[in-house]
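All remarks here apply to the structure that follows.
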Amino acid sequence: MTTKNDQVIDSYNRHWHEWIALRSQTLFEKPWLDKFLNELPNKPHILDLGCGSGEPIASYLHQQSAQITGVDGAANLISAARAKMPDATWHTADMRGLDLGRRFDGILGWNSTFHLSPDEQRAMFRVFQRHAARGTVLMFTTGTKADEVMGEFAGEPIYYSSLSHEDYCALLTEHGFSLREHVSEDPSCGQHTIWLAKHD
């Protein structure tokens, strides 16, 4: 059965050129990316879930000496990322149930997990935990309240969902993460709702 996330992957894979053209390259995320990096060791190994084409986030982290492993379900976006950063590691894979058999210093889910259903988002915390060691830093973005909505991308409907603030806090605790910082609709970061946590 085709799930909403399968449809999201298909849409990004077919309209990858449009996504690259639309994706802001201003790196307004930089202050949060720097907070993320400041919690990590030198030359950290970072898992970027839903990395897209790698621009601008993975590229910026790579420029700061991070060793990037990017995962995205859209093969065409992974091909674009690999062409741009051939010395990074790229996987065309579904983040749901992902098991790369290793742990990372940092895990990033920026504007990616919010395309998953509520139950799939809950299950992602097992994926985070599976790839985390003690001290691993996790940063991800969400909606502001429990909801499911349809947006639009390249003239087609695209699915988004969010859990509640209380659910995310409980899931972090349940899977061994301590919340370090959280801002809802940060006006300095394009109104993104951001979570920064560390594995105990």
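The values are calculated or read from the model by the stated rules, or taken from the named source; none is laboratory data. The structure displayed is predicted, hence computed values, not measured ones. Quick reminder, even Gly has a Cβ in these numbers, built from the backbone with ideal geometry, and neighbours come from all protein chains shown. Just the protein is used for accessible areas: all its heavy atoms, side chains included, with ligands, DNA and RNA removed. Shrake-Rupley method; radii C 1.70, N 1.55, O 1.52, S 1.80 Å.
The table below gives the values:
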| quantity | calculated |
| --- | --- |
| Whichever residue in region 1-32 is aliphatic (A, V, I, L, M) and out of contact with any Pro (no Cβ under 8 Å at 6 or more places or on another chain) and, among such residues, is nearest to Met95 (Cα to Cα) | Ile9 |
| Residues of region 80-109 classified as out of contact with any Gly (no Cβ under 7 Å at 6 or more places or on another chain), over 22 Å from Phe128 (Cα atoms) and surrounded by fewer than 16 Cβ atoms within 10 Å (Cβ to Cβ), total | 3 |
| Output for region 30-47, where each listed residue is open to solvent by less than 10 Å² (accessible area, probe 1.4 Å) and either of a type outside the set (A, V, I, L, M, F, W, C) or assigned to a loop (DSSP other than H, G, I, E, B) (or both) | Pro44 |
| Pair list, Cβ < 6 Å and 6+ apart or interchain, from region 51-70 residues that are within 14 Å of Ser112 (Cα to Cα) and modelled with pLDDT of 95 or more to residues that are open to solvent by less than 10 Å² (accessible area, probe 1.4 Å) and part of a helix (DSSP H, G or I) | Cys51/Ala58; Gly52/Leu77; Ser53/Leu77; Ser53/Ala81; Gly54/Ala81; Gly70/Ala58; Gly70/Ala81 |
| Top-ranked residue in region 132-165 [being open to solvent by 10 Å² or more (accessible area, probe 1.4 Å) and assigned to a loop (DSSP other than H, G, I, E, B); ranked as farthest from Gly97 (Cα to Cα)] | Gly155 |
| Residue within region 109-131 that is in contact with a Ser or Thr (Cβ under 8 Å, 6 or more places away or on another chain) and part of a strand (DSSP E or B) present | yes |
| Identity of the residue in region 3-29, part of a helix (DSSP H, G or I) and open to solvent by 70 Å² or more (accessible area, probe 1.4 Å), that ends up farthest from Gln63 (Cα to Cα) | Lys4 |
